[in-house]
1. How many residues does segment A:146-180 hold that are of a type in the set (G, A, S) and more than 14 Å from every other protein chain (Cβ to nearest Cβ)?
2. Does A:G228 satisfy the condition of being within 13 Å of another protein chain (Cβ to nearest Cβ) and among the small types (G, A, S)?
3. Looking at A:G79, A:G98, which is the one that is open to solvent by less than 30 Å² (accessible area, probe 1.4 Å), of a type outside the set (S, T, N, Q) and at pLDDT 90 or above?
4. For segment B:233-257, how many residues are crowded, with 19+ Cβ neighbours inside 10 Å and farther than 21 Å from B:R316 by Cα?
5. Within segment A:27-36, can one find any residue that is of a type in the set (G, A, S), assigned to a helix (DSSP H, G or I) and touching a helix residue (DSSP H, G or I) at 6+ places or on another chain (Cβ under 7 Å)?
6. Mind checking whether some residue in segment B:159-169 is within 16 Å of B:I242 (Cα to Cα) and within 14 Å of chain A (Cβ to nearest Cβ)?
7. Does segment A:244-266 contain at least one residue that is of a type in the set (D, E), within 14 Å of chain B (Cβ to nearest Cβ) and surrounded by fewer than 23 Cβ atoms within 10 Å (Cβ to Cβ)?
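The values are calculated or read from the model by the stated rules, or taken from the named source; none is laboratory data. Computed from a predicted structure; not experimentally measured. Using ideal geometry, Cβ is built from the backbone for each residue, glycine included, and neighbour counts are taken over all protein chains shown. The protein model used for the area step is the full one, side chains on, heavy atoms only, and it has no ligands, DNA or RNA in it. Shrake-Rupley method; radii C 1.70, N 1.55, O 1.52, S 1.80 Å.
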Amino acid sequence: MLEEGRINGRQLFFIMFWTIMATAILNLPMLITRYAPRDGWLSAVVFIPTSVLIVWIASKLGAMFPKQTLVEYSDLVLGPWLGKFVSALLILWVFQAGSIVYQEVVGFFAVSILPDTPLVVLVILVSLAPAYAIYHGLEVIGRSSDFLFFIILGFFTLIYLLLIPEFDYTELLPVFGDGIGNILRGSLTTAVYGGELILVLFFYPYIKDNQKVGKILVSTIVASGIGGILTMAAYTMVFGLECNFLTLPFYHMSRYASIGRVVERIDPFFMISNFLGSYLKLSVFTYVIVLSLAQLFRMKNYRKLIIPVILALNIVGFYSFGSLMQVIDFTDKIWPFYSLPIQIGIPLLLIIVAKFRGLGYRERK
Amino acid sequence: MMKKTITYTFILVLLLTLTGCWSKRETENLAITNAIGVDKINSGGKVMYKLSQVILRPRKLGMSSKSLASGSEQTYEVVESQGQSLEEALQNISAEIPRITFLAHTQVIILGQSVCVKNLNEVLDFLTRVSDIRYRSSIYVTKGNAFEVLLAKPAMESELGKEIFGIGTYGKTQSFEVQEITLKDFSEKIITPGLDAWAPVLEATRSDKLKNENNLKVNGLALFKAEKLGGWLNKTDTQGFILAYGEAKQGSLTVAIADLGQIAYLFNKSKVKISVQINQEKRITADIIVKLSGEVVESGAYPLDDLEDFKLAETRLNQRFEEQIRSAFKQAQESESDILGIGRLVERQDKALWDSIKEQWPKMYAEVAINVKVDSKIIRTGLRNKTFNGKFIK
C-alpha cells in the first residue's frame with residue numbers, strides 16, 4: 001500500500017479550492033482581459049458550467065472505481081498496454097501542468113519582490129514545503145489545508161475589503177460590450193483551471209466516504225467561480241481598461257489598497273497568502289505525479305521519487321520556457337486546446353469502455 | 001539519535017537564511033526619493049530625458065525645527081540626471097550619489113510640459129512598469145520645466161514631496177479649485193476611449209516678497225486629448241469642471257446680488273448626475289445636474305431677512321455656478337479633451353452607436369451640446385441669522 005493516510009471531504013474542498021485559485025489569481029486575469037477587458041467577470045461566470053461538466057464526468061468515473069486509482073484501473077479497463085499508455089499520457093499532462101505552475105510561482109516571486117535572488121534559491125524555497133508535505137503523505141497535505149485555508153482566505157478578504165472604497169461599478173458597463181465570442185474565448189483558459197480537478201482521480205481511494213466526491217468537487221467549482229467573479233469584477237472596477245496591461249492584477253490591487261492613507265502597502269500579506277496557496281497547489285500536483293509514477297512502475301514506496309520529480313519539474317519548466325511571456329503565451333494559445341481534450345476525453349473514454357465491458361462498481365438499486 | 005541530529009542541524013541551517021536575502025536594501029544606504037520630475041530637454045543637439053529627484057536626507061529630517069533654523073542646511077537634495085531613456089537617466093544618477101536610489105516612496109510625479117506634449121506614452125510606460133513606483137503616486141503637470149518647479153522651497157513642510165502631497169490631499173477637501181489625480185487614474189483615463197485625462201498644474205511663484213525664494217501653488221488643470229496635452233483650465237474653469245465631475249468636497253462662491261450687496265456661499269455637499277441624450281440625427285446632448293447644499297458664511301450688506309432673500313440669493317448662485325460649468329465645458333471642448341467622459345456615457349447607453357462613431361469622436365465631441373442645471377441650497381446661515389449692517393432693526 002503506497003498511501004496509508006486518508007483525507008475527508010472538507011479537506012478535499014480546501015485543497016482543491018486553492019489548487020484552482022492559487023495561480024488563477026496570478027496570471028489568469030491577464031489572459032481573460034486580453035479578450036474581454038470589461039466583461040472579464042462574465043468569463044468567470046461561464047467558468048462555472050463548463051468546469052462543472054468536466055468535474056461531473058471525472059467524478060462519475062471515480063465513483064465507478066472507488067477502491068482504485070486511475071493508474072490502477074486504466075490497466076483493468078483498457079488492458080495492460082493501452083492502459084499503461086493512457087496513464088503515462090495523463091501523468092505527462094500533469095507533469096507539464098506542474099512544471100508551468102512551478103514556473104509561474106517562481107516567476108511571480110522573481111518579478112515582484114525578489115528580483116536579484118538567483119532562481120535556484122527561489123526554486124528551493126518554493127519546493128521545500130511541498131516536498132516535506134509529500135514525504136509525509138496525503139494526510140499531511142489535507143491537515144495543513146485545514147488551517148491554511150482560512151489564513152489565506154482571511155488575507156485575501158482583508159485586501160478585498162480594503163479596496164471596496166475604490167470600486168467604480170460604471171467601469172463594468174456596458175455589460176456584454178465585448179461581445180459573446182470574446183467572453184467565451186476568455187473563459188476557455190479558465191475551464192482548464194477548473195479541469196485541473198481531475199487530479200482527484202489519482203488519489204480517489206484515499207478520500208473518506210468517496211461516493212460524495214462529485215458533490216464536493218461541484219461545490220469547489222461553484223466556490224472558486226464566485227471567487228473568480230468577485231476578483232475579476234474588482235480588477236475591472238479598480239483599474240478599468242488599465243487591467244488589460246497589468247501582469248499581476250491582484251498584486252497591483254494589494255499595492256493600491258489604502259484606507260485613509262494609514263493602512264497601506266499591504267502587498268506582503270498578498271505574498272504570504274499566495275505562497276501558502278501555491279504550496280497547496282504544488283503539493284497536490286507533485287504528489288499526484290510522484291504517486292502515479294510509483295504505481296505505474298509498481299514501486300513499494302514513492303518517497304525516493306520526490307526529489308527527482310521536483311528537480312525534473314523545475315528543469316523541464318525552466319528549459320521549456322525562456323521567459324514569463326512565453327509561459328503566458330503558451331497558457332493562452334496552446335494549453336487550452338490540448339488540455340481540454342485530455343481532461344474531458346480520457347475520463348469519458350474510460351467510462352464508455354468500462355460500461356461496455358461491464359466493469360466497475362454500481363450502486364445497488 | 002541520528003535523525004534528531006539531522007533535524008536540528010537542518011533547523012540551524014535554516015536560521016542562517018533569516019539574516020537576509022539577495023534583494024535586501026539597508027535603510028542607511030538608501031537614497032529615498034519622494035518626488036520626481038520628468039522633462040524632455042534639448043542638450044547639445046540631442047533630445048534627452050531629464051529626471052530630477054528630490055532625495056531626502058533622513059538625518060536632517062530627524063532634527064527639531066529649532067536646530068534646523070540655526071543651520072541653513074536643507075533636509076533634501078534635488079539631483080538631476082539625463083539619459084536617452086528614463087531608465088538610463090536613473091542609471092546615471094547612481095554615478096552621482098553614494099547610495100542606492102529608492103523610488104518606492106515616491107509620492108509625487110511632476111511632468112514637464114515638454115513631456116506632456118510628445119512623450120507621455122513612454123513616460124507612463126516607464127512609471128507603470130517599474131515595480132518601485134506605486135499606482136497611488138499623484139501626478140502633477142507644470143507649464144514650464146519640472147526641474148525648475150523642484151527648485152522651489154517648501155513653505156511649511158520640511159521637504160518638497162510632502163509639501164506638494166499636502167497641498168493636493170488637504171487642498172481638495174477645502175476648496176474645489178484644487179484636485180489631485182493618482183497615477184492609476186491618470187493612465188487609466190488616457191487609455192480609455194471616450195474619456196480623457198486631466199492633471200493639476202503646479203506652479204512656482206514668489207509668495208513672500210521678503211523671502212528670496214519661490215513657493216509652490218496649484219493653479220488650474222492641464223487637459224489632455226488622448227496622450228497629448230490639449231489645453232489648460234484656469235482657476236474658475238477648474239472649479240466648474242470639478243463641480244461637474246462630482247469630486248467637489250467643499251468650496252465657496254462669492255456673488256454680488258443686484259446692487260444690494262454680496263454674499264459668500266460655502267457648500268459642503270455635492271451630488272452630480274450626468275446623462276446623455278441621443279436624438280434621431282445622432283446629435284448628442286449632455287445633461288449635467290448638480291445639487292449642492294451649504295450655508296451662507298459671509299454677507300456684505302445683503303439683507304438675509306426673509307425667505308425671499310434666500311430664494312434670490314440661490315437663483316443668483318445657480319446662475320454663476322452654471323456659467324462656470326459651461327465655461328469649463330467650452331474650454332474642454334476647444335481642447336478636444338473629453339474630461340467628463342461623455343464618450344463613455346454614450347458607450348454605456350448605446351454600444352452599437354459608439355462603435356460606429358468611435359473613430360470620429362474627438363470631432364463629434366466638439367459639437368456636443370450641454371444642459372446645465374445647478375440646484376444650490378442654502379440650508380444654514382452659520383452662527384448669525386441676520387446681516388451685520390451697523391444698525392438695529394426690529
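1. 1
2. No; evaluated as a whole, the condition is false for this residue.
3. Exactly one of A:G79, A:G98 is open to solvent by less than 30 Å² (accessible area, probe 1.4 Å), of a type outside the set (S, T, N, Q) and at pLDDT 90 or above, namely A:G98.
4. Looking only at that region, the number is 2.
5. No: segment A:27-36 contains no residue that is of a type in the set (G, A, S), assigned to a helix (DSSP H, G or I) and touching a helix residue (DSSP H, G or I) at 6+ places or on another chain (Cβ under 7 Å).
6. The answer is yes, given that some residue of segment B:159-169 is within 16 Å of B:I242 (Cα to Cα) and within 14 Å of chain A (Cβ to nearest Cβ).
7. Taking every residue of segment A:244-266 in turn, at least one turns out to be of a type in the set (D, E), within 14 Å of chain B (Cβ to nearest Cβ) and surrounded by fewer than 23 Cβ atoms within 10 Å (Cβ to Cβ).
Here's the yes/no breakdown for (1) open to solvent by 60 Å² or more (accessible area, probe 1.4 Å); (2) part of a helix (DSSP H, G or I):
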| residue | (1), (2) |
| --- | --- |
| B:R316 | yes, yes |
| B:Q319 | yes, yes |
| B:A332 | no, yes |
| B:L340 | no, no |
| B:I378 | no, no |
| B:N389 | yes, no |
